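Student: Below are the structure tokens for one structure; questions will follow.
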Amino acid sequence: MVLSLNRSLKVLHISGSGDFLGGAELCLYELIKEECASDYRCALIVPYDGEFAKAVVELDVPVKVIKFKPWSKSTSDGILKLLIKLLIKLFINVAAEIRLFLFLLTVKPCAIHINTSAVGTGCFASKILNIPLIWHIRELLNWESGRTLYFPKVQRSLISTANSVIAVSKSAADTLHSCKRIINPIIVYDSIPVPDYRDRNIFRKGIPNIALIGSIFPAKGQYDAVRAISIVHARGYELTLLIAGDIKDSGYFDQLLSFIKENNISNYVKFLGQVDEPYAVLEDSDICLNCSMSESFGRVTVEGLLSGSLVVGRNTSGTAELLNNGNGLLFNTVDELASLLIGSINDFEKSRKIAKAGQEFAWDRFSDSSLSCNKIMEVFDNAK
């Protein structure tokens, strides 16, 4: 699947995944499409072949596979398991850096773009060969998210050597506070191409639906959502929770099923499995719920806003950054979440006004992918 590489590349992208694992790959794909449309020569490095890599090849963009590993770890792993994984990653990543260095000797791009804060591959090679490095901070790798870095201070120090740093939100930029050499990270919010739902009305028929989209594991907070639904129904109100996402933690999923059964809310919680297109769920929902413990940006939050749904999110990091202007609702506790859900169905007109304000806010800022892509390409052009 590897194509021959053009020797006059404007930018070489390095992705932490060869698959579409989340917003990082989706946004990079949109950026590469915009680069192609602008005759902006680029290529892609991935750690393994996957659907994302194949999709980029279909754009006639050169793709090369160099195996490497992210410097992130699961917070649930024991010390011995962490140590073994660290040694394996160290061996693989040193070999990857050498392979990338040799590759860059033959194809020297004008800039290198690392698309995740969890990957360091390309950092040393770029410095040795004096190629400008742009580092894209897309994650909040902390204990609440279920993953963290092996050596956060070391990774931040490496990031501080970049010629330019892009952050997807102020919350993401704040994680760089200990990088003394980073003065002004450039904040570029991701854009998300969407259907036009500006004529859509919510709370118009039957029992309201709530969409909760994201992989099923503790950091995504599905347990808080089903607890809130239990409280709502105990107080005499009806809502249906639609949970869409693949199961990352089977034990956690079993906990959810047990709670749902024990509290007699099986008729009001539906598991839809993995969905490729979130709008298939959002367009049938009145409320979009984000219960994640932390979000650097919150792609699902923006998708919910753009769909015209009333967005309710946890009052933390990137979610709070998006919903702090009367364009959504924020909660801190499960009881608060239950009260907000009850309030939303007690006053449909108020809920519609908040949803419309949120949609207008998001449409102006996030619906045109060319806006964010052009800003990022400008960073590439100015990197020295």
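No value in this document is a laboratory result; all are computed from the given coordinates. Quick caveat: nothing in here was measured; it's all calculated off a predicted structure. Note that we place each Cβ from the backbone using ideal geometry, even for glycine, and neighbour counts take in every protein chain shown.
Student: When Lys and Arg each count +1 and Asp and Glu each count -1, what net charge do the other residues less than 14 Å away from Val94, Cβ to Cβ, add up to? Kindly include the intermediate steps, with their values, before the conclusion.
Tutor: Values: positive: Lys67, Lys69, Lys89, Arg99; negative: Glu97.
Charge balance in the 14 Å sphere: +3.
Student: Moving on. Rounded to the nearest 500, what is the 222 nm mean residue ellipticity of the chain from helices alone, with -39500 (n - 2.57) per DSSP H run of 4+ residues and division by all residues? Write out the running numbers ahead of the final one.
Tutor: On the way: 14 runs with 160 residues, N = 384.
Computed mean residue ellipticity for the chain: -13000 deg cm²/dmol.
Student: Which of the listed residues, Val302, Ser339, Ala244, is farthest toward the dipole's positive end in the stretch 209-366, when Lys, Arg count +1 and Asp, Glu count -1 at the beta-carbon?
Tutor: The residue sitting farthest along the positive end of the dipole is Ser339.
Student: Next up: Could you check how many percent of all C-alpha pairs in the stretch 274-315 are farther apart than 15 Å? The partial results should precede the final answer.
Tutor: Numbers: 312 of 861 pairs.
Roughly 36 percent, once rounded to a whole number.
Student: Which entries in the list Lys69/Lys170; Lys81/Lys248; Lys89/Lys248; Lys170/Lys353; Lys54/Lys127 go over 24 Å, if you measure between the two C-alpha atoms of each? Spell out each step's value before the answer.
Tutor: Details: Lys69/Lys170 27 Å; Lys81/Lys248 19 Å; Lys89/Lys248 22 Å; Lys170/Lys353 27 Å; Lys54/Lys127 29 Å.
Where the Cα-Cα span goes over 24 Å, the pairs concerned are Lys69/Lys170; Lys170/Lys353; Lys54/Lys127.
Student: Listed highest first by mean packing, meaning other Cβ atoms within 10 Å per residue, what order do 94-101, 317-324 come in?
Tutor: Working: 94-101: 16.9, 317-324: 22.5.
Order by mean packing, descending: 317-324, 94-101.
Student: Is there a quick way to get the dipole size of the stretch 209-366? I mean about its Cα centre, with the Cβ of Lys and Arg at +1 and of Asp and Glu at -1; what is the value in debye to the nearest 20?
Tutor: On the way: 13 positive and 20 negative charges, 47 e Å.
Taking the Cα centre of the stretch 209-366 as origin, the dipole is about 220 debye.
Student: Relative to the Cα centre, what is the charge dipole magnitude of the chain, using +1 at the beta carbon of each Lys and Arg, -1 at the beta carbon of each Asp and Glu, and rounding to the nearest 20 debye? Before the final figure, lay out each step's value.
Tutor: Values: 41 positive and 41 negative charges, 289 e Å.
My answer is approximately 1380 debye.
Student: Considering only C-alpha atoms, what is the centroid distance from the stretch 50-114 to the stretch 221-239, in Å?
Tutor: The stretch 50-114 and the stretch 221-239 have Cα centres spaced 42 Å from each other.
Student: Which order, highest average first, do 279-291, 245-257, 16-28 follow once you tally other Cβ atoms within 10 Å for each residue and take the mean per peptide? It would help to have the intermediate numbers written out before the result.
Tutor: Values: 279-291: 23.2, 245-257: 14.4, 16-28: 20.7.
Going from most to least packed, we get 279-291, 16-28, 245-257.
Student: May I ask you to list, by number, the DSSP H helices of the chain whose Cα span along the axis is at least 30 Å and whose average Kyte-Doolittle hydropathy reaches 1.6 or more?
Tutor: 79-106
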